[in-house]
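K.L.:
Take this structure, written in structure tokens, and hold onto it; I'll ask about it next.
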Amino acid sequence: MGRILILNGSPRAPKSNSKRYAGLFMDCCKADYCDITKTNHRELCAKVGAYTDLVFAFPLYADGLPVTLLNFLKALEAEPPQQKPTVSVLINCGFLEYAQNHTAVEMMALFCKQNGWPFGSVLEIGSGEAILDTPFRFLAAGSIKKFAKSVKEGRYASFHTTMPLPKSLFLKASTAYWTEYGKKHNISKEQMQTMQIEQT
Ligand SMILES: Cc1cc2nc3c(=O)[nH]c(=O)nc-3n(C[C@H](O)[C@H](O)[C@H](O)COP(=O)(O)O)c2cc1C
């Protein structure tokens with residue numbers, strides 16, 4: 001049986017949604033797990049060759065890959081293992097539409113093509129910030145189960161899920177959630193709509 005390594009490419013990996021999704025994956029099949037950090041690239045590059053499958057779990061950032069993951073891919077390009085595992089992708093985004101993730105998936109597929117890594121399964125999750133804490137959690141868990149089975153069995157395929165809500169309702173609920181969240185941290189909705197939010 002193959003060996004699976006999950007690498008978390010979220011910039012907030014220890015407290016991330018990606019970590020929760022990786023946890024659900026590990027409920028379905030045995031896998032090792034590591035956060036990608038600024039300082040462990042070489043260690044991870046040396047490790048990945050021991051696995052048959054690599055699963056990158058990460059969020060969509062500005063319609064692309066977060067810099068944590070980009071930097072690691074650069075390191076992997078410079079120090080590839082002799083035996084390259086098959087790369088699968090578990091991506092989640094904040095917006096309702098799972099299709100927002102398509103470009104980032106294509107970026108990963110291009111990295112694999114250009115560097116000779118086999119490309120495996122894909123799971124795209126929409127409403128990824130919210131879905132696990134709603135009654136629709138079962139949809140995410142169900143998709144992860146199918147995704148994990150496909151990786152485990154080497155029968156690679158693409159999956160997707162999101163909350164089955166009208167866009168207007170999702171927007172209303174998410175705006176109310178983030179406004180309340182800001183209030184708890186003494187930040188107004190207007191402050192959140194400025195670039196200065198990055199400094200707070
Ligand atoms: C800087 C930043 C950029 C983001 N860009 C997008 C985006 O372009 N589209 C989207 O749907 N969600 C976007 N999101 C939302 C994240 O993808 C979402 O919150 C995700 O659940 C975070 O996952 P994580 O906890 O694993 O990091 C962004 C979040 C941040 C902080």
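K.L.:
Among the residues of the range 5-44, which ones are touching a Phe, Trp or Tyr at 6+ places or on another chain (Cβ under 8 Å) and open to solvent by less than 10 Å² (accessible area, probe 1.4 Å)?
P.N.:
Leu5, Ile6, Leu7, Asn8, Gly9, Ser10, Ser18, Ala22, Phe25, Ile36, Leu44
K.L.:
Being under 23 Å from Ser158 (Cβ atoms) and open to solvent by 40 Å² or more (accessible area, probe 1.4 Å): is that true of Asp63 here? Break it down stepwise before answering.
P.N.:
Values: under 23 Å from Ser158 (Cβ atoms): yes; open to solvent by 40 Å² or more (accessible area, probe 1.4 Å): yes.
Yes; evaluated as a whole, the condition is true for this residue.
K.L.:
Can you give me the ranges of the strands (runs of 3 or more DSSP E) entirely in the range 1-59 with at least 3 residues that are modelled with pLDDT of 95 or more and not acidic (Asp, Glu)? Full working, then the answer.
P.N.:
Details: elements: 4-8, 32-35, 53-59.
The strands (runs of 3 or more DSSP E) meeting that bar are 4-8, 53-59.
K.L.:
Could you look through the range 49-84, keep only residues that are farther than 22 Å from Gly128 by Cβ and of a type in the set (Ser, Thr, Tyr), and pick out the one that is nearest to the ligand (Cβ to nearest atom)?
P.N.:
It comes out as Tyr51.
K.L.:
Look at the range 1-48 and say how many of its residues are away from the ligand (no atom under 16 Å from the Cβ) and hydrophobic (A, V, I, L, M, F, W, C).
P.N.:
Taking the range 1-48 as the starting set, the residues that turn out to be away from the ligand (no atom under 16 Å from the Cβ) are 1-5, 27-32, 39-48.
Adding the requirement that they be hydrophobic (A, V, I, L, M, F, W, C) leaves 1, 4-5, 28-29, 31, 44-46, 48.
Result for the range 1-48: 10.
K.L.:
Might you let me know whether the range 117-134 holds any residue that is more than 16 Å from the ligand (Cβ to nearest atom) and open to solvent by 20 Å² or more (accessible area, probe 1.4 Å)?
P.N.:
Yes - at least one qualifying residue is present in the range 117-134.
K.L.:
Moving on. Mind telling me which of the residues Phe95, Phe111, Phe138 ends up being open to solvent by 40 Å² or more (accessible area, probe 1.4 Å), in a helix (DSSP H, G or I) and aromatic (Phe, Trp, Tyr)?
P.N.:
Details: Phe95 fails: in a helix (DSSP H, G or I); Phe111 fails: open to solvent by 40 Å² or more (accessible area, probe 1.4 Å).
Matching residue, one of Phe95, Phe111, Phe138: Phe138.
The values are calculated or read from the model by the stated rules, or taken from the named source; none is laboratory data. A quick note: this is a predicted structure, and the numbers were derived from the prediction, not measured. No Cβ is skipped: glycine too gets one built from the backbone with ideal geometry, and neighbour counts run over all protein chains shown. In case anyone asks, the SASA skips ligands and DNA or RNA and just uses the protein heavy atoms, side chains included. Shrake-Rupley method; radii C 1.70, N 1.55, O 1.52, S 1.80 Å.
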